[in-house]
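Novice: Below is the structure I would like to discuss, written out as structure tokens.
The values are calculated or read from the model by the stated rules, or taken from the named source; none is laboratory data. Every value quoted in this text rests on a predicted model; they were computed, and no experiment measured them. Reconstructed Cβ throughout: ideal geometry from the backbone, glycine too, with neighbour counts over all protein chains shown. Ligands, DNA and RNA are stripped out before the accessible areas are found, and what is left, the full protein with its side chains, is counted by its heavy atoms. Shrake-Rupley method; radii C 1.70, N 1.55, O 1.52, S 1.80 Å.
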Amino acid sequence: MKNKHVNAIVIGAGAGGGVVAKELAVSGLSVVLFERGDWVTYDAHNDDELMSQRTHPFENPFGPDNKRHRRVFVGQNGNERIVLPFEYPFNNNAACVGSGTVSYGAMAWRFMEKDFLMKTSYGHVEGSTLEDWPITYQDLEPYYEKAEWEIGVSGDHTGNPFQSVRNMPYPMPPFAYNRDGQILYDAAKRIGLHPFPIPMLRNSVRYNGRPACYRMRTCVGFACPVNAKCGTHNTVIPIALQSGNCELRTNCQVAEVMINEKGLATGIKYFDENDNGHIQTADIVIISCAAVETARLLLNSKSRLFPEGAGNNNDWVGRNLQGHAYTGASGIFEDEIYDDVGPGACWAVGDFNHDNEGIVGGGVLCNSFFTPPYAFTRLRPPGAKQWGLEHKEFQRKNYKRISSVRGPFQEIPNFDARVTVDPEVKDHWGIPVARLSGQRHEYDRIGCQFMSDRAEEILREAGAITTWQAVGGRGLSGDQHQSGTARMGNDPKTSVTDKYGRVHDIDNLFVADGSLHVTNGGFNPVLTIMALGFYIGEYIAKNWNGGSFTSK
Amino acid sequence: MEVKRREFIRQLCFACGSISLIPACTSEISTWRFLTADEAKLIEAITEQIIPADQDAGATDARVVNFFDRQLIGYYTRHQETYRKGLQNIESSSLKIFHKNFVNLDWDQQTEFLETMETGELPEAEWEGNEQRSFFRMLLDHSMQAFYGSPRHGGNCGYVSYKMLKIDYPHVIGQNRYPSENGNTNLKAS
Ligand SMILES: Cc1cc2nc3c(=O)[nH]c(=O)nc-3n(C[C@H](O)[C@H](O)[C@H](O)COP(=O)(O)OP(=O)(O)OC[C@H]3O[C@@H](n4cnc5c(N)ncnc54)[C@H](O)[C@@H]3O)c2cc1C
């Protein structure tokens, strides 16, 4: 049966796609939202550590599955191999309705003014593609606010003296600190830093018809058993569906965007849950597959006008793959500091985001989420024995005495860290897979060392008797914070989309996800992706003239 | 508070449908699924070295070997050959060095053997086609998964590792900080 033509196709029901689908559907456009995964629930996985989206020795509970999906990973030594989703070099986020927003840690950061003006603030960094965004923090501010209120954020709007100007408080009060949070918070204060409660996409009070968080220890990596975590799956996507204008098609793998002889997108080709191929046509196509898969889909969409893939005539699609170099330190305390008030992370300091002598960018530091027992077996000072009685003694003695301070360092984008499509390897449906290659910019290591030093200082001040660092910043980036592969910009020669996420030279093809990020901020990225979704969704809806979408 | 908590457990059981308070690992195993009886004994001896019993349960008490057997026909089917070969390599190395099977070595000999394997210094001739250090790392990692993971995967019988770490289980106990009447999260309740 032939699919009925619709106004808009949104590909990917994650952070960006969920928001755009809702914005368009409530504005009256007919929408089909495609998702390769399915709905997932807490009950299917509960709080099983081996079935978490953070630690997944078997498979990713929130997708994608090992059977049908794969990528090619090119290591630092040039060796390449096929990787499956449960392996770390796959650089996964998630694949389900809501994607990462179901199982995330839910930190809800706004980037700062300077995060949108990295080139202006720091000048050229050798070997990098550091650049300003084509939009400013002020452009995005109203959309950050929408994300905070429509999806739901708990926080103290006066907490961070370094944040950029905001118009409204958060809709919910902040979470109180747990025991180790309080100890580290006090220490950070004593050394002159400015700690404050982390804004969270979690209900601190009843909100939007869903209950308050009851602070269990397992949260990040899992769905919420009482639905107190706020993602696109329990906010904007249900609203889109209730509008009557949006159909959600789950278990559908989109293979290609079709581009016609006029350089316009006419629709997509996809496979349904029974592997049957279909075509869906639309007036507008929006890609929100997250940075790796968005680049792959663009590159796999070849046409006469775009022989190297949609929007790729200047070879910028898939370039500048970024994520975050996570870095920090851990410490063992004399007394127990663990009180089982989850999920752990509760304060942050913004002191190391910008304006630190000699540091380009920087990043936020937070106390970390609780480490569950299996993952804890790897949390050791350098040289510690991994097994035998010493192992057991360490676990028993220190499980409630260790705390870590960590954060995402803003990576310096580089042109050679990239997604291409592999010339040979194909997935279950015969679609060429993503191939990841390149490395982080060497500067990231310096920035990470700076942040790890600061993290260790806080732990020591708090009374940790043994401390050690885990310094990030090497290898290829991507992963849960993947971004940058369809950079927005004013110059079509050095970017993939314009400042509204519209692919250069294809008037009715948009991108709305982390791929757009010119730089990825020194913060977890999801609130910025949601804000971009509101901003792009509104732009499309406003400029919609009831027919083709070709006007500039 | 106590009443409320019990009520909550009851609701949770309803919500999850099939929460069984008797972990699957306690049912007796008459036959192994993948392992031979000798392989099972060998894994039990190795994993008991990795996580020995002391004042708290060790790998044998936690039925860690059951996890290996289950996962080798489940998620770790792809490791079947590595295990089959690797366990043989361990036996032949042990016979070569001590003229005894690994399970019959003294405790300290076993420890020394595994330390040597960890650093890749067992006689290479016995390890053709397999890498001793990476096999050791795999045994170590899977032991930790078995001992600290959920009992539903075959190990951590009776949540013994959680008891050792003094973390509450069933998890619901940690949830006494339950939203109070006015909908606020009551942090002081614990
Ligand atoms: C455990 C975990 C913890 C995290 N914690 C935080 C945090 O605390 N704060 C924060 O800011 N961020 C966090 N993140 C990251 C956050 O989830 C991501 O930044 C965000 O979801 C990315 O948004 P996106 O729209 O770019 O892509 P996604 O949200 O990943 O959405 C992409 C969707 O597209 C679908 N898709 C892809 N290809 C296709 C195709 N060909 N056909 C059909 N569908 C397709 C995918 O299945 C997916 O559902 C976390 C993520 C995880 C997994």
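Novice: From the list A:Ala44, A:Ala95, pick out the single residue that is in a loop (DSSP other than H, G, I, E, B), under 19 Å from the mean Cα position of the chain (by Cα) and aliphatic (A, V, I, L, M). Working first, answer last.
Specialist: Details: A:Ala44 fails: under 19 Å from the mean Cα position of the chain (by Cα).
Among A:Ala44, A:Ala95, only A:Ala95 is in a loop (DSSP other than H, G, I, E, B), under 19 Å from the mean Cα position of the chain (by Cα) and aliphatic (A, V, I, L, M).
Novice: I'd like to know if the range A:497-506 contains one or more residues that are under 20 Å from A:Ile259 (Cα atoms), buried (at least 17 other Cβ atoms within 10 Å of the Cβ) and within 12 Å of the ligand (Cβ to nearest atom).
Specialist: yes
Novice: Out of (1) open to solvent by less than 10 Å² (accessible area, probe 1.4 Å); (2) more than 11 Å from the ligand (Cβ to nearest atom); (3) over 30 Å from A:Glu461 (Cβ atoms), what's the single condition that is false for A:Gln242?
Specialist: It is condition (1) that A:Gln242 fails.
Novice: Of the residues A:Val83, A:Val125, which single one is among the β-branched types (Val, Ile, Thr), open to solvent by less than 30 Å² (accessible area, probe 1.4 Å) and over 21 Å from the mean Cα position of the chain (by Cα)?
Specialist: Step by step, each of A:Val83, A:Val125 is checked, and only A:Val125 is among the β-branched types (Val, Ile, Thr), open to solvent by less than 30 Å² (accessible area, probe 1.4 Å) and over 21 Å from the mean Cα position of the chain (by Cα).
Novice: Restricting attention to the range A:378-389, and to residues there that are at the interface with chain B (Cβ under 10 Å from one of its Cβ atoms) and out of contact with any Pro (no Cβ under 7 Å at 6 or more places or on another chain), which single residue is surrounded by the most Cβ atoms within 10 Å (Cβ to Cβ)?
Specialist: Kept after step one, since they are at the interface with chain B (Cβ under 10 Å from one of its Cβ atoms), are these residues of the range A:378-389: A:378, A:385-389.
Among the residues that remain, those that are also out of contact with any Pro (no Cβ under 7 Å at 6 or more places or on another chain) are: A:378, A:385-387.
On the way: A:Arg378: 11, A:Lys385: 13, A:Gln386: 17, A:Trp387: 22.
Filtering first and then ranking leaves A:Trp387.
Novice: Quick check on A:Ala325: is it away from every other protein chain (no Cβ under 14 Å), at pLDDT below 95 and within 16 Å of the ligand (Cβ to nearest atom)?
Specialist: Values: away from every other protein chain (no Cβ under 14 Å): yes; at pLDDT below 95: yes; within 16 Å of the ligand (Cβ to nearest atom): yes.
Criteria met by A:Ala325.
Novice: Any residue at all in the range A:188-195 that's away from chain B (no Cβ under 14 Å), touching a Phe, Trp or Tyr at 6+ places or on another chain (Cβ under 8 Å) and not in a loop (DSSP other than H, G, I, E, B)? Break it down into steps so the answer makes sense when it comes.
Specialist: Just the residues of the range A:188-195 that are away from chain B (no Cβ under 14 Å), to begin with: A:188-195.
Next cut, touching a Phe, Trp or Tyr at 6+ places or on another chain (Cβ under 8 Å) only: A:188, A:194-195.
Filter again for not in a loop (DSSP other than H, G, I, E, B), leaving A:188, A:195.
Yes, there is a match, as at least one residue in the range A:188-195 is away from chain B (no Cβ under 14 Å), touching a Phe, Trp or Tyr at 6+ places or on another chain (Cβ under 8 Å) and not in a loop (DSSP other than H, G, I, E, B).
Novice: From the residues in the range A:342-368 that are open to solvent by 10 Å² or more (accessible area, probe 1.4 Å) and either within 13 Å of chain B (Cβ to nearest Cβ) or in contact with a strand residue (DSSP E or B) (Cβ under 9 Å, 6 or more places away or on another chain) (or both), which one is nearest to B:Asp168 (Cα to Cα)? So that I can check it myself, show each step before the final result.
Specialist: Residues of the range A:342-368 that are open to solvent by 10 Å² or more (accessible area, probe 1.4 Å), as a first pass: A:351-352, A:355-360, A:368.
If we keep only those that are either within 13 Å of chain B (Cβ to nearest Cβ) or in contact with a strand residue (DSSP E or B) (Cβ under 9 Å, 6 or more places away or on another chain) (or both) too, we end up with A:351-352, A:355-356, A:360, A:368.
Working: A:Asp351: 36, A:Phe352: 37, A:Asp355: 44, A:Asn356: 43, A:Val360: 44, A:Ser368: 20 Å.
Only one residue tops the list, namely A:Ser368.
Novice: Scan A:Asn203, A:Asn160, A:Asn167 and give me the residue that is surrounded by fewer than 17 Cβ atoms within 10 Å (Cβ to Cβ) and under 25 Å from the mean Cα position of the chain (by Cα).
Specialist: Numbers: A:Asn203 fails: surrounded by fewer than 17 Cβ atoms within 10 Å (Cβ to Cβ); A:Asn160 fails: surrounded by fewer than 17 Cβ atoms within 10 Å (Cβ to Cβ).
Testing whether each residue is surrounded by fewer than 17 Cβ atoms within 10 Å (Cβ to Cβ) and under 25 Å from the mean Cα position of the chain (by Cα) leaves just A:Asn167.
Novice: Follow-up question, since we're still on this one. Give A:Val10, A:Val72, A:Val32 a once-over and let me know the one that is open to solvent by less than 20 Å² (accessible area, probe 1.4 Å), in contact with a helix residue (DSSP H, G or I) (Cβ under 7 Å, 6 or more places away or on another chain) and outside any loop (DSSP other than H, G, I, E, B). Break it down stepwise before answering.
Specialist: On the way: A:Val72 fails: in contact with a helix residue (DSSP H, G or I) (Cβ under 7 Å, 6 or more places away or on another chain); A:Val32 fails: in contact with a helix residue (DSSP H, G or I) (Cβ under 7 Å, 6 or more places away or on another chain).
So the residue among A:Val10, A:Val72, A:Val32 that is open to solvent by less than 20 Å² (accessible area, probe 1.4 Å), in contact with a helix residue (DSSP H, G or I) (Cβ under 7 Å, 6 or more places away or on another chain) and outside any loop (DSSP other than H, G, I, E, B) is A:Val10.
Novice: Also, quick follow-up: Please verify whether the range A:513-532 includes one or more residues that are more than 16 Å from the ligand (Cβ to nearest atom), part of a loop (DSSP other than H, G, I, E, B) and farther than 23 Å from A:Pro199 by Cα. Quick ask: steps written out before the conclusion?
Specialist: To start, the set of residues in the range A:513-532 that are more than 16 Å from the ligand (Cβ to nearest atom) comprises none.
Among the residues of the range A:513-532, not one is more than 16 Å from the ligand (Cβ to nearest atom), part of a loop (DSSP other than H, G, I, E, B) and farther than 23 Å from A:Pro199 by Cα, which makes the answer no.
Novice: Report, by residue number, each residue of the range A:47-69 that is more than 20 Å from the chain's Cα centre (by Cα), within 14 Å of the ligand (Cβ to nearest atom) and open to solvent by 60 Å² or more (accessible area, probe 1.4 Å).
Specialist: Result: A:Arg68, single match.
Novice: Which one of these does A:Ile402 not meet: (1) open to solvent by less than 20 Å² (accessible area, probe 1.4 Å); (2) within 14 Å of another protein chain (Cβ to nearest Cβ); (3) β-branched (Val, Ile, Thr); (4) closer than 19 Å to A:Glu456 by Cβ?
Specialist: (1)
Novice: OK, next. Which one is farthest from B:Tyr148 (Cα to Cα), of the residues in the range B:46-93 that are surrounded by 20 or more Cβ atoms within 10 Å (Cβ to Cβ) and of a type in the set (Lys, Arg)?
Specialist: Per the criteria, the residue is B:Arg70.
Residue-by-condition table, conditions (1) among the small types (Gly, Ala, Ser); (2) within 20 Å of B:Glu81 (Cβ to Cβ):
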residue: B:Ile97; (1), (2): no, no
residue: B:Asn101; (1), (2): no, no
residue: B:Thr119; (1), (2): no, no
residue: B:Gly129; (1), (2): yes, yes
residue: B:Met138; (1), (2): no, yes
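Novice: All but one of (1) in a loop (DSSP other than H, G, I, E, B); (2) open to solvent by 20 Å² or more (accessible area, probe 1.4 Å); (3) not aromatic (Phe, Trp, Tyr) hold for A:Ala375; state the number of the condition that does not hold.
Specialist: Failing condition for A:Ala375: (1).
Novice: Right, another one. For A:Phe271, which of the numbered conditions (1) surrounded by fewer than 17 Cβ atoms within 10 Å (Cβ to Cβ); (2) under 29 Å from A:Leu476 (Cβ atoms) fails to hold?
Specialist: All conditions pass for A:Phe271, except number (1).
Novice: B:Ile19 fails exactly one of the following numbered conditions: (1) modelled with pLDDT of 50 or more; (2) under 22 Å from A:Phe58 (Cα atoms). What is the number of that condition?
Specialist: Status for B:Ile19: all satisfied but (1).
Novice: Output the residues belonging to the range A:75-91 that are of a type in the set (S, T, N, Q) and in contact with a Leu (Cβ under 9 Å, 6 or more places away or on another chain). Walk me through it before giving the result.
Specialist: To start, the set of residues in the range A:75-91 that are of a type in the set (S, T, N, Q) comprises A:76-77, A:79, A:91.
Matches in the range A:75-91: A:Gln76, A:Asn91.
Novice: Moving on to the next point. Please find, within the range A:75-92, the residue that is nearest to the ligand (Cβ to nearest atom) out of those that are away from every other protein chain (no Cβ under 14 Å) and in a helix (DSSP H, G or I).
Specialist: A:Phe90
Novice: Now for a separate question. Kindly list, by first and then second residue, each pair from a residue in the range A:124-148 that is in contact (Cβ under 8 Å) with a residue 40 or more places away in the chain to a residue that is open to solvent by 40 Å² or more (accessible area, probe 1.4 Å) and assigned to a helix (DSSP H, G or I), limited to pairs with Cβ atoms under 6 Å and residues at least 6 apart or on different chains.
Specialist: Going by the 6 Å Cβ cut-off, the qualifying pairs are A:Leu130/A:Lys119; A:Glu131/A:Lys119; A:Asp132/A:Lys119; A:Asp132/A:Thr120.
Novice: Among (1) more than 25 Å from A:Leu509 (Cα to Cα); (2) in contact (Cβ under 8 Å) with a residue 40 or more places away in the chain, where does A:Glu424 come up short?
Specialist: Tallying (1) more than 25 Å from A:Leu509 (Cα to Cα); (2) in contact (Cβ under 8 Å) with a residue 40 or more places away in the chain, A:Glu424 fails exactly one: (2).
Novice: Residues being under 29 Å from A:Phe415 (Cβ atoms) and open to solvent by 10 Å² or more (accessible area, probe 1.4 Å): count how many of those fall in the range A:128-142.
Specialist: Pass one, the range A:128-142, residues under 29 Å from A:Phe415 (Cβ atoms): A:128-140.
If we keep only those that are open to solvent by 10 Å² or more (accessible area, probe 1.4 Å) as well, we get A:128-129, A:131-134, A:136, A:138-139.
Count: 9.
Novice: So which of A:Ile446, A:Ile431 ends up being open to solvent by 40 Å² or more (accessible area, probe 1.4 Å) and β-branched (Val, Ile, Thr)? Full working, then the answer.
Specialist: Values: A:Ile431 fails: open to solvent by 40 Å² or more (accessible area, probe 1.4 Å).
Every option except A:Ile446 fails the conditions.
Novice: Filtering the range A:258-282 down to residues that are more than 18 Å from A:Val10 (Cβ to Cβ) and in a loop (DSSP other than H, G, I, E, B), which residue is nearest to the ligand (Cβ to nearest atom)? If you could, list the steps in order and put the result at the bottom.
Specialist: So the first thing to find is which residues in the range A:258-282 are more than 18 Å from A:Val10 (Cβ to Cβ), and the list is A:260-263, A:273-277.
So of that shortlist, the ones also in a loop (DSSP other than H, G, I, E, B) come out as A:260-263, A:273-276.
Values: A:Asn260: 21, A:Glu261: 24, A:Lys262: 24, A:Gly263: 22, A:Glu273: 12, A:Asn274: 15, A:Asp275: 14, A:Asn276: 15 Å.
Across the range A:258-282, the extreme among qualifying residues is A:Glu273.
Novice: Has the range A:247-257 got at least one residue that is hydrophobic (A, V, I, L, M, F, W, C), under 30 Å from A:Tyr338 (Cα atoms) and either in a loop (DSSP other than H, G, I, E, B) or within 14 Å of another protein chain (Cβ to nearest Cβ) (or both)? Write out each step before concluding.
Specialist: Taking the range A:247-257 and keeping what is hydrophobic (A, V, I, L, M, F, W, C), we get A:248, A:252, A:254-255, A:257.
This time we only want the ones that are under 30 Å from A:Tyr338 (Cα atoms), so: none.
No; the residues of the range A:247-257 include none that is hydrophobic (A, V, I, L, M, F, W, C), under 30 Å from A:Tyr338 (Cα atoms) and either in a loop (DSSP other than H, G, I, E, B) or within 14 Å of another protein chain (Cβ to nearest Cβ) (or both).
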